[in-house]
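Working notes, structure below.
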Amino acid sequence: MLSYIVRRSLYAIPILIGVNLITFILFFVVNTPDDMARMHLGMKRVTPEAVEQWKQERGYDRPLVINSAADGSDKFTETIFFQNTVKLFAFDFGRSDAGRDISFDITERMWPSLMLAVPSLIIGLLVNITFALLVAFFRASYIDVWGVILCVVLMSISGMFYIIGGQFLLGKVLHLVPISGFDMQNAFKFLVIPVIIGVISGIGSGTRWYRTIFLEEMEKDYVRTARAKGLPETLVLFKHILKNAMIPILTGVVVVLPLLFMGSLITESFFGIPGLGSYTIDAINSQDFAIVRSMVFLGSVLYIVGLILTDISYTMVDPRIRLQ
Amino acid sequence: MKFLSRHPIFILLPILLIVVWAGGLYLSGAKAVFLWTDVLVYILVLSISLFAISSANKEHLRDPWRQVVRHKLGMASLVVLLIYVLIGLLDSVHFRLALDADKQTANQEINHESEVLSVLDILVTPIRVQYEKTYSAPFASHLYAKETVEHSDGTRAREFPRLEFGGAHLQDPDKEKFGDIAVKSFTGLMIGLVIWSAITLVIILGYCRHYRSSFSENLNLVFSESSGIPWRVILGTLLVMCFLMGLAITLAPNYHILGTDKVGQDVFFQSLKSIRTGLVIGTLSTLIMLPFAVMLGIMAGYFKGWVDDVIQYLYTTLNSIPGVLLIAAAVLMIQVYMANNPEMFETDAERADARLFFLCVILGITSWTGLCRLLRGEALKLSAVDYVQASQAFGVSGFKILWRHIQPNVMHIVLIAIVLDFSGLVLAEAVLSYVGVGVDPTMHSWGNLINGARLEMAREPIVWWSLLAAFIFMFALVLAANLFSDAVRDAFDPRLRKQ
C-alpha cells in the first residue's frame with residue numbers, strides 16, 4: 001500500500017513538469033514579457049524605460065532559459081524559467097504582479113472557500129442521493145419518467161440563472177439574508193444562500209447521475225437473489241443496493257475533494273465571498289499572470305492528489321480491489 | 001425518410017442557393033467575407049451531409065437512427081434544434097455592402113463598408129437599425145428613464161419620452177397599444193398557421209409521391225402516426241415554433257418585443273445574433289479536436305506500450321490543469337497577442353471571429369481528453385476481439401486495422417460524445433464570458449447579454465428583460481439539445497439498447 005502511494009506520487013512529477021512547461025510556454029514564450037508590460041501600462045505611448053522598469057520590478061527582465069551573462073549555476077537559476085516556473089515546485093509562488101505575497105493570500109482565502117464548498121458538497125450529496133433513491137424506487141413508472149425529464153430541465157438552466165434568481169428571490173424580494181458580502185464572525189448568515197443555490201443547481205445532474213448508478217446496480221445478480229428470497233423492495237434498496245452503490249458514489253466524491261480548496265469561481269464572485277475562486281477571477285480580470293500561473297499549478301497538484309486518493313479509497317471501500 | 005434522402009431536390013437546392021448567393025453579390029456589388037468560423041461551419045455542414053448519405057446506405061447505422069426518429073421527445077427537440085440551426089446558418093453567410101455611390105473614390109475599385117453583415121442581418125434589418133436612447137421595457141412605448149422633454153407649446157417637463165421606434169406608429173399609446181398588439185398578434189398567428197400548413201402540405205405530398213396513393217390516405221397516415229414517425233408531436237412542435245415566428249414577424253418591427261439594452265439596441269435582435277455564437281461554440285469546439293481525440297485514443301488502446309504511455313501522459317497532463325484556468329490563461333495570452341498585432345485583422349468582425357475561433361480551439365483542447373480516454377478503453381477491448389486478431393494473423397498493417405476495424409466500431413461513442421458535449425459547451429460560454437475570458441465583448445452572445453444585464457439588477461424598477469431573453473433562448477436550445485442527445489444515446493449505446 002505505502003509503496004503504491006509512493007510510486008503514484010512519483011508518477012505525478014512528470015505530469016507536473018508537463019503542466020509547468022505548458023504554463024511557461026503560454027505565459028512567457030507566446031507573449032514576451034515586453035508584450036505583457038505594454039498591456040499593463042497601456043498600449044500606446046509607452047516609453048521603453050517604463051517597460052524596463054515594470055519588468056525589473058517583477059523580475060521579468062531576466063533571460064528566458066539560459067542566462068549567459070551569469071556564472072556557474074546562476075546561468076540557470078537567474079532566469080525566468082527558474083525563478084517563475086521551477087520555484088513553483090517548492091510551492092514558492094512569489095509575488096503577484098501587483099506586489100502581494102501569493103502564498104499568504106492563498107492561505108488566507110482558502111478558509112472562506114472551504115466554508116462554502118464543504119457544506120455545499122455534503123448537503124448536495126444527501127439531497128441528490130435521496131432524490132435518486134426515490135426515482136429509482138419508482139423506476140419505469142410515471143414518477144421515474146417525469147423525474148428524469150425534470151432533471152433534464154433543471155440541468156438545462158445555466159448556473160448563472162440559479163444564482164441571479166436566488167439572489168433576487170431570497171435577498172431582494174424576501175429580505176431574508178444579505179445578498180452578498182462576507183464576515184468571518186457571522187459567516188453563516190452570508191453562506192446560507194450560496195449553499196442553498198449551490199445545492200439546487202446541482203440537483204438535476206446529480207440526481208440523474210446517481211439514478212443511473214442505482215439502476216445499474218439493480219440489474220445485478222445479488223439483487224435478484226435478495227428479491228427471490230422475499231425481501232421487501234425497500235429493504236433491498238436500502239440494505240443491498242445503496243451499500244454497493246456507495247462505491248462509485250464515494251470514489252466520485254473523493255476525486256473532487258482536494259479541488260474544494262480552489263473554491264467556486266462563479267458563486268464566490270457573485271456573492272462577494274473572499275475565497276480562492278474570486279481571487280482567481282480578480283486575477284484574470286486584472287490580468288495578473290503571476291496569480292493565474294500559481295493557481296494553475298495548485299489546481300494540477302490538487303487534481304493529482306485527488307486521483308491518488310481515489311485509488312486509495314477504492315481499496316478502502318471495496319475489499320475486492322488490491323493495489324499493486 | 002429514405003425516399004427523402006434520394007430526392008433530387010437535395011442536389012438542386014444547394015446549387016440553387018449558391019447561384020442566388022453569387023448573383024446577389026454580383027448585382028449589389030457587395031463583397032463576400034469568409035470568416036474563419038464560417039468556413040468551419042460550411043465544412044461541418046458538408047461533412048454532416050456526407051455522413052448522412054453514407055449512413056443511409058448502411059443498415060447498422062440506419063437502424064439506430066430509425067430508433068431516434070421514433071423517439072417522440074427526441075424528434076420534438078430536433079425540430080427546435082433545426083430552427084436554431086437555420087437561424088445560425090443564415091447568420092454564417094457574411095458580406096460587406098458597397099459604399100454609397102457618392103462615397104466611392106474615382107478609380108475603378110469599389111470600396112466597401114467596414115461593417116460585416118450576414119444574411120440574417122438583412123432579413124431583420126428593422127430591429128437591427130432601430131436604436132433607442134437607452135433601456136426600454138418589452139412592448140414599451142416610452143423610455144425607461146425620465147428626460148427633460150420640450151413640448152410644442154414651449155413648456156418643459158421631466159417625463160418619460162416617447163420611443164423613437166417602439167410603438168411609434170400609435171397616436172395615443174396608452175389607449176391604442178393593447179388593441180394594436182392584439183390585432184398584430186392575431187395576424188402573426190395567422191401567418192404562422194399559413195407557414196405551418198405549407199410545410200405540412202409538402203410532407204403529405206411527399207408521402208403521396210412515395211406511396212403513389214391518395215391525399216386523404218396520407219393525411220390520415222401523418223396525423224394518426226401509423227407511419228411510425230411521431231408526426232403529431234413533430235408537427236405540434238413545429239406549429240408552436242411557426243406561431244412564435246409569425247408573432248416575431250408582425251410584432252418585432254413595431255415594438256421592441258424583448259425591450260432594449262443600455263445603448264438602446266433591441267434585445268430580441270441580440271438574442272437572435274447570439275444563436276450563431278452558441279451553436280458555433282457548441283459544435284466546433286468538439287469537432288476541431290475530434291480527429292486528434294479519435295486518432296490518439298484508438299492508437300493508445302490498440303498499440304499499447306510506449307505509444308499508450310505517451311498519449312496517456314499527454315491527456316493526464318492536460319486534464320490535470322483546471323479547465324477554466326487553462327482557458328483563462330490561453331485566452332489572456334491571445335488577447336495580449338491580438339492587442340499587439342492589430343494589423344492582422346481588416347475589420348472588427350474578423351477580429352472578434354478570430355477570438356471565437358481560438359476560444360473553440362481552447363475549449364476543444366480542454367474537452368477532448370474525456371473522449372480520448374473512453375476511446376482508449378474501447379480500443380483496448382476491441383484489440384482482443386477475434387476479427388482483429390484474425391487480421392493481425394493475416395499480416396494486415398496496424399494502421400489499416402485501426403481504420404478498417406477499430407474506427408467504425410468506436411464511432412457510436414464519438415457520436416454520443418459530440419451530442420452530449422454540445423449543451424455543456426453552450427452553458428460554458430455564458431460562464432466564460434462572465435469570467436471575462438469568453439467571446440469578444442463586441443460579439444453578441446448570451447454570456448455577454450447576461451453579463452451586461454447582471455449589474456442592472458440593482459436598479460429600481462428592475463431591468464429584467466435582457467436576462468429573460470438570454471434565459472429563454474439558452475434554455476430552449478440547451479433543453480432541446482439535452483433531450484435530443486438522450487434520444488441519440490439511447491439509440492446508439494449498445495448497453496442501453498439491450499433493455
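The values are calculated or read from the model by the stated rules, or taken from the named source; none is laboratory data. Model, not experiment: these values are computed from the prediction. Here the Cβ is made from the backbone with ideal geometry for all residues, glycine too, and neighbour counts use every protein chain on show.
If only one of B:G436, B:G398 is under 30 Å from B:L332 (Cα atoms), surrounded by fewer than 18 Cβ atoms within 10 Å (Cβ to Cβ) and not aromatic (F, W, Y), which one is it?
On the way: B:G398 fails: under 30 Å from B:L332 (Cα atoms).
Of the residues listed, the single one that is under 30 Å from B:L332 (Cα atoms), surrounded by fewer than 18 Cβ atoms within 10 Å (Cβ to Cβ) and not aromatic (F, W, Y) is B:G436.
Yes/no per residue for (1) surrounded by fewer than 17 Cβ atoms within 10 Å (Cβ to Cβ); (2) in contact with a Lys or Arg (Cβ under 6 Å, 6 or more places away or on another chain); (3) not in a loop (DSSP other than H, G, I, E, B):
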position	(1), (2), (3)
B:I195	no, no, yes
B:R209	yes, no, yes
B:N218	no, no, yes
B:L221	no, no, yes
B:S227	yes, no, no
B:R232	yes, no, yes
B:L239	no, no, yes
B:G246	no, no, yes
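Restricting attention to segment A:24-39, does a residue exist that is within 14 Å of another protein chain (Cβ to nearest Cβ), without any contact (Cβ under 8 Å) to a residue 60 or more places away in the chain and closer than 18 Å to B:S320 by Cα? Break it down into steps so the answer makes sense when it comes.
Of all residues in segment A:24-39, those within 14 Å of another protein chain (Cβ to nearest Cβ) come to A:24-39.
Add one more test, that the residue is without any contact (Cβ under 8 Å) to a residue 60 or more places away in the chain, and what stays is A:25-26, A:28-35, A:37-38.
Filter once more, keeping what is closer than 18 Å to B:S320 by Cα: A:25-26.
Yes: segment A:24-39 contains one or more residues that are within 14 Å of another protein chain (Cβ to nearest Cβ), without any contact (Cβ under 8 Å) to a residue 60 or more places away in the chain and closer than 18 Å to B:S320 by Cα.
Taking into account only those residues within segment A:146-168 that are more than 10 Å from chain B (Cβ to nearest Cβ) and over 18 Å from B:V426 (Cβ atoms), which is surrounded by the fewest Cβ atoms within 10 Å (Cβ to Cβ)?
A:W146
Go through (1) in contact (Cβ under 8 Å) with a residue 60 or more places away in the chain; (2) of a type in the set (A, V, I, L, M, F, W, C); (3) at the interface with another protein chain (Cβ under 7 Å from one of its Cβ atoms) one by one and return the number of the condition B:I327 breaks.
(3)
Among the listed residues A:L259, A:L302, A:L309, which satisfies the condition of being touching a helix residue (DSSP H, G or I) at 6+ places or on another chain (Cβ under 6 Å), in a helix (DSSP H, G or I), of a type outside the set (D, E) and modelled with pLDDT under 85? I'd like the intermediate steps shown before the answer.
Working: A:L302 fails: modelled with pLDDT under 85; A:L309 fails: modelled with pLDDT under 85.
Result of the check over A:L259, A:L302, A:L309: A:L259.
Would you say A:L191 is touching a helix residue (DSSP H, G or I) at 6+ places or on another chain (Cβ under 7 Å) and away from chain B (no Cβ under 14 Å)? Full working, then the answer.
Working: touching a helix residue (DSSP H, G or I) at 6+ places or on another chain (Cβ under 7 Å): yes; away from chain B (no Cβ under 14 Å): yes.
So A:L191 passes the test.
List every residue pair whose Cβ atoms sit under 8 Å apart, with the two residues 6 or more apart in sequence or on different chains, where the first one lies in segment B:226-238 and is closer than 19 Å to B:S216 by Cα and the second, anywhere, is at pLDDT 80 or above and in a loop (DSSP other than H, G, I, E, B).
Hits for this filter: B:P230/B:H71.
Let me confirm something: among B:G305, B:G301, B:G297, which residue is touching a Gly at 6+ places or on another chain (Cβ under 8 Å) and either within 14 Å of chain A (Cβ to nearest Cβ) or over 24 Å from B:S92 (Cα atoms) (or both)? Steps first, answer last, please.
Details: B:G305 fails: touching a Gly at 6+ places or on another chain (Cβ under 8 Å); B:G297 fails: touching a Gly at 6+ places or on another chain (Cβ under 8 Å).
Going through B:G305, B:G301, B:G297 in turn, just one is touching a Gly at 6+ places or on another chain (Cβ under 8 Å) and either within 14 Å of chain A (Cβ to nearest Cβ) or over 24 Å from B:S92 (Cα atoms) (or both): B:G301.
With the condition kept exactly as written, say whether any residue in segment A:227-248 is of a type in the set (A, V, I, L, M), part of a helix (DSSP H, G or I) and within 12 Å of chain B (Cβ to nearest Cβ). Can you show your working first?
Step one: list which residues in segment A:227-248 are of a type in the set (A, V, I, L, M), which gives A:228, A:231, A:235-237, A:241-242, A:245-247.
Of the ones still in play, those that are also part of a helix (DSSP H, G or I) are A:228, A:235-237, A:241-242, A:245-247.
When the remaining residues are screened for being within 12 Å of chain B (Cβ to nearest Cβ), the result is none.
Checking segment A:227-248: not a single residue is of a type in the set (A, V, I, L, M), part of a helix (DSSP H, G or I) and within 12 Å of chain B (Cβ to nearest Cβ).
Looking at segment B:141-160, which of its residues are surrounded by 15 or more Cβ atoms within 10 Å (Cβ to Cβ) and within 16 Å of B:V263 (Cα to Cα)? Lay out the reasoning, then the answer.
First pass over segment B:141-160, keeping only residues surrounded by 15 or more Cβ atoms within 10 Å (Cβ to Cβ): B:141-144, B:160.
Within segment B:141-160, B:H142, B:L143, B:Y144 qualify.
Yes or no, residue by residue, for (1) without any contact (Cβ under 8 Å) to a residue 60 or more places away in the chain; (2) out of contact with any Gly (no Cβ under 6 Å at 6 or more places or on another chain); (3) not in a helix (DSSP H, G or I):
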{"position": "A:V86", "(1), (2), (3)": "no, yes, no"}
{"position": "A:S113", "(1), (2), (3)": "no, no, no"}
{"position": "A:L154", "(1), (2), (3)": "yes, no, no"}
{"position": "A:G165", "(1), (2), (3)": "yes, yes, no"}
{"position": "A:D183", "(1), (2), (3)": "yes, yes, yes"}
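From the residues in segment B:327-385 that are buried (at least 20 other Cβ atoms within 10 Å of the Cβ) and out of contact with any helix residue (DSSP H, G or I) (no Cβ under 9 Å at 6 or more places or on another chain), which one is nearest to B:D440 (Cα to Cα)?
It comes out as B:A352.
Kindly check whether there is at least one residue in segment B:483-499 that is outside any helix (DSSP H, G or I) and either touching a helix residue (DSSP H, G or I) at 6+ places or on another chain (Cβ under 8 Å) or among the acidic types (D, E) (or both).
Narrowing segment B:483-499 to residues outside any helix (DSSP H, G or I): B:493, B:498-499.
Narrowing further to those that are either touching a helix residue (DSSP H, G or I) at 6+ places or on another chain (Cβ under 8 Å) or among the acidic types (D, E) (or both): B:493.
Within segment B:483-499, one or more residues are outside any helix (DSSP H, G or I) and either touching a helix residue (DSSP H, G or I) at 6+ places or on another chain (Cβ under 8 Å) or among the acidic types (D, E) (or both).
Name, by its number, the condition in (1) more than 11 Å from chain B (Cβ to nearest Cβ); (2) over 15 Å from the mean Cα position of the chain (by Cα); (3) surrounded by fewer than 24 Cβ atoms within 10 Å (Cβ to Cβ) that does not hold for A:S286.
Against the list (1) more than 11 Å from chain B (Cβ to nearest Cβ); (2) over 15 Å from the mean Cα position of the chain (by Cα); (3) surrounded by fewer than 24 Cβ atoms within 10 Å (Cβ to Cβ), A:S286 comes up short only on (1).
If I ask for residues that are more than 10 Å from chain B (Cβ to nearest Cβ), of a type in the set (F, W, Y) and more than 29 Å from A:A37 (Cβ to Cβ), which ones from segment A:259-283 would you list?
A:F261, A:F271
Condition check: over 23 Å from the mean Cα position of the chain (by Cα), farther than 23 Å from A:V152 by Cα and at the interface with chain A (Cβ under 9 Å from one of its Cβ atoms). Does B:M411 satisfy that? Break it down stepwise before answering.
Numbers: over 23 Å from the mean Cα position of the chain (by Cα): yes; farther than 23 Å from A:V152 by Cα: yes; at the interface with chain A (Cβ under 9 Å from one of its Cβ atoms): no.
It is false that B:M411 is over 23 Å from the mean Cα position of the chain (by Cα), farther than 23 Å from A:V152 by Cα and at the interface with chain A (Cβ under 9 Å from one of its Cβ atoms).
Restricting the search to segment A:9-21, which residues are surrounded by 17 or more Cβ atoms within 10 Å (Cβ to Cβ) and either more than 9 Å from chain B (Cβ to nearest Cβ) or in contact with a Ser or Thr (Cβ under 7 Å, 6 or more places away or on another chain) (or both)? I'd like the intermediate steps shown before the answer.
First pass over segment A:9-21, keeping only residues surrounded by 17 or more Cβ atoms within 10 Å (Cβ to Cβ): A:12, A:15-16, A:18-20.
Matches in segment A:9-21: A:I15, A:L16, A:G18, A:V19, A:N20.
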